[in-house]
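Asker: Quick one: structure below, then a few questions.
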Amino acid sequence: MIHSAEALDGLPKKNGFRLRGMDMTRIETFTDPAFAFALTLLVVSLDIPTSYGELTDVLRGIPAFGLSATLLMLFWAGHHAWSRRYGLDDAPTILLSCLLVFTVLVYVYPLKFMTRALTGWLSQVTGIARGSGFAVEVAPSEINRLFIVYSAGFVAMCAAIVLLNLHAWRNREGLQLDELERFDTRTEIGAWLTVGSAGVLSMLLAIATPPSWVGVPGWAYLPLAVVMPIYGTVTGRRRRKLLGQE
């Protein structure tokens, strides 16, 4: 999408980035309902509880739902921000967005299973709601294989966001990205590559470690809690320098 200099100057901005996609495209109106449908599949229970015991079981499932929904919405936010920033609606955009939608709808089942297994395990370890109905049946020897399935979906979704941003980067001249916008695009690519690398590491650990090393692949995601804030701090400092604020 090519804008005149006057049109670019008149675009709304968010944190200094000119938003070229304020009007929703056809692919965006397709992508958003897909994420909404995936959230519906994550819902704690579609059946109305008919007893106090069923109600308490549903309420115990809220942490798993909250965790899985939050993770899913992070990917939605990544696609939403990309759409607003660049406003692209060409063939690669449609292909990559469809890839993201397909992966989301497949990934939702491993995601729900994993979060239910995690919260069920935590409930037993801590002694809270022991024996509750939201735990899942999974043998210790199957946990590492579960991480392979879960991480494959996680990596595929990260890859879709990375490829969308790379597509925008390849079109930086046509989009007339200024220096700040180019920096933000590279930063976004680096952020999603970093997040996706945790999924790759988790898969490698799941493949390489024996089944007796239960849950080891899950530790691959923990460094993100430290790495991503550091990444944000470093890139934020460079961005402020670019803006002349330091």
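Asker: How many percent of the accessible area of the chain is carbon or sulfur, using a 1.4 Å probe?
Answerer: The computed percentage sits at 67.
Asker: P(r) for the chain: what percent of alpha-carbon pairs falls in each 5 Å bin, starting at zero?
Answerer: 1, 6, 12, 14, 16, 14, 12, 9, 7, 5, 3, 1, 0
Asker: Per the helix-only calculation at 222 nm, which mean residue ellipticity applies to the chain, given -39500 (n - 2.57) for every DSSP H run of n ≥ 4 and division by its residues, nearest 500 deg cm²/dmol?
Answerer: Numbers: 9 runs with 176 residues, N = 246.
Calculated from helices alone, the mean residue ellipticity at 222 nm is -24500 deg cm²/dmol.
Asker: Please give the peptides 193-205, 153-165, 222-234, 87-99 ranked by average Cβ packing (other Cβ atoms within 10 Å per residue), highest first, as a rough proxy for protection.
Answerer: My ranking of the peptides, most packed first, is 153-165, 193-205, 87-99, 222-234.
Asker: So how far apart, in nm, are the two label points at LEU55 and ASP32 if each is 7 Å from Cα heading toward Cβ?
Answerer: 3.5
Asker: What does the convex hull of the Cα atoms come to per residue for the range 23-111, in Å³? Numbers along the way, then the final one.
Answerer: Values: hull volume 8.1 nm³, N = 89.
Considering the Cα atoms of the range 23-111, their hull volume per residue is 91 Å³.
Asker: I would also like to ask the following. Would you mind classifying the range 147-246 by shape? Square roots of the alpha carbon gyration tensor eigenvalues, ordered a ≥ b ≥ c; an a/c under 1.5 is rounded, otherwise it is prolate if a/b is larger than b/c and oblate if not. Kindly include the intermediate steps, with their values, before the conclusion.
Answerer: Details: a/c = 5.40, a/b = 1.90, b/c = 2.84.
Oblate shape, in that a/c is at least 1.5 and b/c is the bigger or equal ratio.
The values are calculated or read from the model by the stated rules, or taken from the named source; none is laboratory data. Here the structure is a predicted model, which is why all the values come from computation and not from measurement. Cβ atoms come from the backbone with ideal geometry, glycine included; neighbour counts cover every protein chain shown. Calculation scope for accessible area: heavy atoms of the full protein, side chains included, ligands and nucleic acids excluded. Shrake-Rupley method; radii C 1.70, N 1.55, O 1.52, S 1.80 Å.
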